Amino acid sequence: MDEMDKWHYPRTQLAQAIMNTLSSNVVHAITLFAPRRMGKTEFLRKDITPQAKAQGYHVFYFSFLDGANDTVISYFATALKQFIYDNSIKKRGASVIQSIKKIGALGATLEVDNKAKEHGISELMMQLSKLNKPVLLLLDEIQEVANVPNADGFVASLRTGLDLGRDTIKTIFTGSSRNGLIAMFDNARAPFFHFSTSVDFPTLDDGFVDHLANMYEQITKQHIDRVELQNAFNEIERVPMHARTLIKELIIDPVHDFEKALSTVKKQLRNPQTHDATWGAISGLERAVILYLLKGGKEPYSQTALQQFSNSIGVDTLQTYSVQNAIRKLSRNNHITKNAHGEYVINEPDFVAWLKDQSPRL
């Protein structure tokens, strides 16, 4: 086993469930949402990919975080073209691909035999559908496309191509901005409106803690308190990257001081200057909404919540539209978002951790 793979905690059941759902044609596209650093990319590469290949799929992965806004779609088109060529057994399937001379700046227009045609991404999708196996597209951080100038043609072409090839092309989108995903998939005017089934990417179960404890004990030949490690995992909002950092801090610390290692990780992830600035820049009502959500509140427009907000900012009455405006602003700035159940939640786990640390004085 590769040394890096030893650190991977497999989510085989989840990968099987997702692939079985796609293969059964119940849905043809799934969108997984979770904040960054929660393990989405690792899941795609190390759990979904082998499961899909075992089920007979060609698998194409691309992250829309790769490259600048003005080049990422061109990179995508180039990578897709190469993928099709590499997996085309019959040259007739690659003939159009080989004749492509140029990919336009946004991948929406391809130049074939020196004659511009509006094949675009949809044409590449048609070539995908002609491969000898079904195809699984793993499109990571898809919401970043919304930040690309003049990307409407690309998005429309991608949607058309995926629609035409849905019998043989399945797609898993991921995103770390719920608001960005909503703009792409839930906006009635967006090309991807209701195209994909949205699922909240689940946090790692407690078996992950045992996995890390076993790694620690294998390397150091020393015991670690699993209850203490579990409590720390909860304290850092169950972010797998932070938990791995904690274990590595313990491994390289010659005295293996747990509290010292946890304190070091907390200092790294809390980013107090950024969070202090964020807190200082928002209004009293916006702070009240965030604290309400932090404590598990789910109905910010209820009379009970309105009264809480009124008391918090020191006014006698508060109208619903004021809370709506506060929530819109918090959403626009990605401080809060909606989960798959339509409930507002705080968007960033590290900000949640900072808020919990600071809550007595907020």
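Work through the residues other than Leu162 whose Cβ is under 13 Å from its Cβ and net out their charges, Lys, Arg +1 and Asp, Glu -1.
Result for the local shell: 0.
Within region 129-148, whose backbone N sits under 12 Å from a point 7 Å along Cα→Cβ of Gln55?
Only 134-137 pass the distance filter.
Using only DSSP helix segments of four residues or longer, with each worth -39500 (n - 2.57), what per-residue ellipticity at 222 nm results for the chain after dividing by its residue count and rounding to 500?
Dividing the helical sum by the residues of the chain leaves -15000 deg cm²/dmol.
Taking H as built 1.01 Å from N, whose amide H comes closer than 5 Å to the amide H of Thr197, not counting residues under 5 places away?
Those lying under 5 Å, H to H, from Thr197 are Ala29, Ile30, Thr31.
Modelled label-to-label distance, Gln303 and Thr264, 7 Å Cα→beta-carbon offset: nm?
Each label point is offset 7 Å from its Cα along the Cβ direction, giving 5.5 nm.
Rounding to the nearest 10 and keeping the result within 0 to 90°, find how far the Cα-based axis of helix 240-252 lies from the longest principal axis of the chain.
70 degrees
Per 0.36 nm of contour for each residue apart, how much would the distance between Lys221 and Asp316 grow if the chain were fully extended, relative to their Cα-Cα spacing?
Using 0.36 nm per residue and subtracting the Cα-Cα distance, I get 28.0 nm.
Using a simple spin-label model with points 7 Å from Cα along the Cα→Cβ vector, what separation in nm is obtained for His341 and Leu164?
4.2 nm
For the chain, with every protein chain kept in place, what is the accessible area per residue (1.4 Å probe, Å²)?
With the other protein chains kept in place, the chain gives 49 Å² per residue.
With angles folded into 0 to 90 degrees, how steeply does helix 120-129 sit against the dominant principal axis of the chain? Use alpha carbons for both and round to 10.
80 degrees
Of Tyr301, Pro35, Asn179, which is farthest on the positive side of the dipole of the chain, counting Cα position, with +1 on Lys and Arg Cβ, -1 on Asp and Glu Cβ, and the Cα centre as origin?
The residue sitting farthest along the positive end of the dipole is Asn179.
Please give the helix 284-294 orientation as an angle from the longest Cα principal axis of the chain, in degrees from 0 to 90, rounded to the nearest 10.
Approximately 80 degrees, to the nearest ten.
Which one of Leu204, Ile169, Val323 is farthest out on the positive end of the charge dipole of the chain, using unit charges on Cβ (Lys, Arg +1; Asp, Glu -1) and the Cα centre as origin?
In the chain, that residue is Ile169.
What is the projected area of the convex hull of the Cα atoms of the chain, averaged over all directions, in nm²?
21.2 nm²
So which trypsin sites (Lys or Arg not before Pro) in region 254-304 end up in coil per DSSP with only 10 or fewer other C-beta atoms within 10 Å?
Of the trypsin sites (Lys or Arg not before Pro), the ones in loops of region 254-304 whose Cβ has at most 10 other Cβ atoms within 10 Å are Lys295.
Counting only protein heavy atoms, what percent of the accessible surface of the chain is carbon or sulfur at a 1.4 Å probe?
Heavy-atom surface of the chain belonging to carbon and sulfur, 1.4 Å probe: 49 percent.
At 0.36 nm per residue, minus the direct Cα-Cα distance, what do Leu294 and Val27 gain on full extension? Give it in nm, one decimal, please.
Taking 0.36 nm per residue and subtracting the Cα distance, the gain is 92.7 nm.
The values are calculated or read from the model by the stated rules, or taken from the named source; none is laboratory data. Please read these numbers as outputs of a predicted model, since none were measured by experiment. Note that we place each Cβ from the backbone using ideal geometry, even for glycine, and neighbour counts take in every protein chain shown. Just the protein is used for accessible areas: all its heavy atoms, side chains included, with ligands, DNA and RNA removed. Shrake-Rupley method; radii C 1.70, N 1.55, O 1.52, S 1.80 Å.
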